[in-house]
Amino acid sequence: MSSILLFSALSALLAAVIITPITAGKREGKGNTSAVFAMFAMFAIVFIMAFLAIGIYYYIFNVDRNLTSLWPVALAAAVLGTMFAQGTEQKAKALLLVGAAGAAAYILAAPLFNAAEKFESVEMKEEVELEAFDETKTPASVPPQFARNKMKKAFGQVPDTSYYELGNLQIQKVGGEYVYIAPVEFSGFFKWWNADSTPGYFTMSATDASANPKFIKEEMNYTPSSYFGKNIERKMRSENPRAVFYGEPQLEVDEEGKPFYIRSYGEFISARNGFDVKGIAVVDPVSGENVNYALEDVPGFIDGAVSPESVSLENSYYGNYANGFWNSKFSKKDVKLPSDEGTEANVSPIFDADGEMYYFTDFTSPKEGVDSMLGYSLTNARTGSSTFFTGSLEDSYMDSQGNLQIIEKQFIEKEWSGEMPVLYNFYGEASWLTPVLDSNGFLQNYFIVSAANPEISVFAETPNEALRLYQTALQRGGSIVDGASEAPEAEAAGTVERVFKEKTGDFTIVSFLLEDGTNYIVSSESNPLAIYLEAGDAVNITYADTGELFLPVKVLQIQAIE
């Protein structure tokens with residue numbers, strides 16, 4: 001609090017010096033004593049009013065206390081100082097007014113001329129497709145709305161329940177497991193006044209929809225729902241008065257379950273406009289101790305060092321400003337709009353095979369009525385580095401909005417809808433995986449649809465079951481499961497015990513069982529001689545060892561005919 005008082009006092013002093021006319025009272029008929037008294041009286045009044053106004057503004061809005069943030073004060077003071085002054089003093093303050101007006105114009109007009117700087121600050125490298133998803137793993141596919149509903153139903157675990165409510169969800173990897181973290185927050189001012197601290201947080205699996213939330217007891221004094229000096233944002237500001245923050249504080253827990261609040265800080269692109277993330281402030285919610293880290297020094301337990309809000313902002317820079325600001329408003333050449341279907345600030349957090357968290361966003365055309373995807377981005381949530389994937393140039397991919405529309409039409413009678421659509425590479429096919437929720441926000445199934453061939457789609461109660469159905473659907477749809485998956489290749493030999501053949505379009509899907517009890521599936525598109533397979537045939541096969549019930553065959557050799 002002392003820092004904001006000192007900042008307000010110095011700013012008010014400067015404003016009072018500019019506004020108060022030094023030559024006031026030297027008019028005809030006024031004595032020197034009364035003139036000096038009037039000048040000091042005016043100075044004191046201006047100082048007090050400016051001190052109160054500046055202090056209240058900075059306390060309420062909690063903005064950074066840099067000199068550039070004082071431009072409205074400088075402009076107002078220059079205007080009033082010029083009005084009240086006379087003669088030479090008025091001319092001098094008029095020059096000051098020109099400078100203040102020029103600075104204000106520069107700051108206000110910054111979005112019109114710094115678009116190129118914003119675009120360059122993103123620095124996304126470009127690739128064609130993301131790596132294939134490992135089918136032996138389960139994606140973090142529990143939607144946050146569903147997790148939140150389950151946590152609310154488990155709120156009876158919280159002591160003095162009436163004092164509290166559930167805070168914002170944050171996905172994280174803890175102890176090798178992907179989980180949602182949600183703090184317990186105060187439900188109002190008087191509840192905070194009486195309780196003073198919150199009792200802990202909830203955690204729930206982000207991969208297993210059948211898992212139940214667990215309440216973890218960890219008392220926290222500094223939280224987003226606390227007031228005055230105990231409010232976490234005010235605490236971070238008091239420890240970092242000049243820092244430029246962007247995004248809301250988020251809760252992260254270490255491997256022992258101890259909670260910390262983090263918030264991204266950075267710098268303006270230019271003239272108090274734009275944002276470029278540089279690090280995080282970490283606050284212990286029990287003691288209030290604050291430690292700042294540059295992005296390259298972020299502790300290992302923190303997954304979301306870069307705020308989703310800043311990633312969403314960078315996506316807008318990359319999508320809109322390839323050819324400048326005015327192009328983004330009129331001709332829109334090379335403009336691609338980031339999707340707003342993400343679960344956190346229009347982006348969706350996902351994890352790769354190594355457990356690294358990324359923010360996913362797809363981009364679409366600015367033309368209305370077009371649901372064709374123009375690419376998608378992944379931003380590392382710890383380092384802020386981004387990659388833009390153009391997608392296969394030979395295919396036209398459906399965007400997330402088109403995917404959600406298909407789900408809506410699929411379940412139109414039940415009024416179910418999709419949430420948290422994420423693009424994966426399943427079996428070498430760019431595919432949307434989307435949890436489907438009912439009107440009450442409860443998870444009903446998982447929907448997978450090909451981004452290039454929307455007619456190929458499946459849904460099932462679990463992600464793994466949906467993947468198995470999708471594999472078969474790709475075979476039936478004429479797509480080839482050709483090893484783009486990360487599943488290792490394996491070989492087998494044996495005698496066929498059972499065969500099932502199904503004609504789909506121009507090709508035949510052949511499912512067969514070997515005497516050792518293993519099942520395989522193959523398409524005549526990739527293995528034309530598979531149509532001759534019969535029970536009793538001895539075969540040699542090369543397949544993708546995905547761990548599924550029906551293993552996809554890459555090479556089939558029938559010994560009797562080859």
_Residue tally, condition farther than 20 Å from K336 by Cα and surrounded by fewer than 16 Cβ atoms within 10 Å (Cβ to Cβ), over the stretch 377-404_ = 1
*Given (1) surrounded by 20 or more Cβ atoms within 10 Å (Cβ to Cβ); (2) farther than 22 Å from R234 by Cα, where does G247 come up short, assuming only one miss?*
(2)
*Evaluation of S287 against (1) buried (at least 17 other Cβ atoms within 10 Å of the Cβ); (2) farther than 24 Å from I171 by Cβ; (3) modelled with pLDDT of 95 or more (one fails), failing number*: (1)
*So which residues in the stretch 321-371 are more than 24 Å from L404 (Cβ to Cβ), open to solvent by less than 20 Å² (accessible area, probe 1.4 Å) and hydroxyl-bearing (S, T, Y), if there are any at all?*
S328
*For the stretch 384-430, which residues satisfy the criterion of being of a type in the set (G, A, S), in contact with a helix residue (DSSP H, G or I) (Cβ under 7 Å, 6 or more places away or on another chain) and on the phi < 0 side of the Ramachandran plot?*
S386, S417, G418
*Which residues, taken from the stretch 94-127, are basic (K, R) and at pLDDT below 95?*
K125
*Can we say A209 is open to solvent by 10 Å² or more (accessible area, probe 1.4 Å) and touching a Pro at 6+ places or on another chain (Cβ under 9 Å)?*
yes
*asked:* Return the pair list, or none, for Cβ contacts closer than 7 Å from residues in the stretch 366-383 that are under 18 Å from N315 (Cα atoms) to residues that are open to solvent by less than 60 Å² (accessible area, probe 1.4 Å) and among the charged types (D, E, K, R), at least 6 apart or on different chains.
replied: S372/D399; M373/D362; M373/D399; L374/K336; G375/K336; Y376/D362; A381/D303; R382/D303
*Count of residues meeting criterion [surrounded by fewer than 20 Cβ atoms within 10 Å (Cβ to Cβ) and modelled with pLDDT of 90 or more] in the stretch 128-147*: 1
_Quick check on Y265: is it of a type outside the set (G, A, S), open to solvent by 30 Å² or more (accessible area, probe 1.4 Å) and in a strand (DSSP E or B)?_
yes
*Between a first residue in the stretch 488-506 that is over 16 Å from F550 (Cα atoms) and assigned to a strand (DSSP E or B) and a second residue that is modelled with pLDDT under 90 and among the basic types (K, R), which pairs have beta carbons less than 8 Å apart while being 6 or more apart in sequence or on different chains?*
T504/R476
*Within the stretch 543-557, considering residues that are over 16 Å from E525 (Cα atoms) and open to solvent by less than 30 Å² (accessible area, probe 1.4 Å), the one modelled with the highest pLDDT*: L551
_Out of everything in the stretch 153-187 that is on the phi < 0 side of the Ramachandran plot and part of a loop (DSSP other than H, G, I, E, B), what residue ends up being most open to solvent (accessible area, probe 1.4 Å)?_
N168
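The values are calculated or read from the model by the stated rules, or taken from the named source; none is laboratory data. Keep in mind it's a predicted model, so treat the numbers as computed, not measured. Cβ: placed from backbone, ideal geometry, glycine included. Neighbour counts: every protein chain shown. Note: accessible area is taken over every heavy atom of the protein model, side chains too, but ligands, DNA and RNA are not part of it. Shrake-Rupley method; radii C 1.70, N 1.55, O 1.52, S 1.80 Å.
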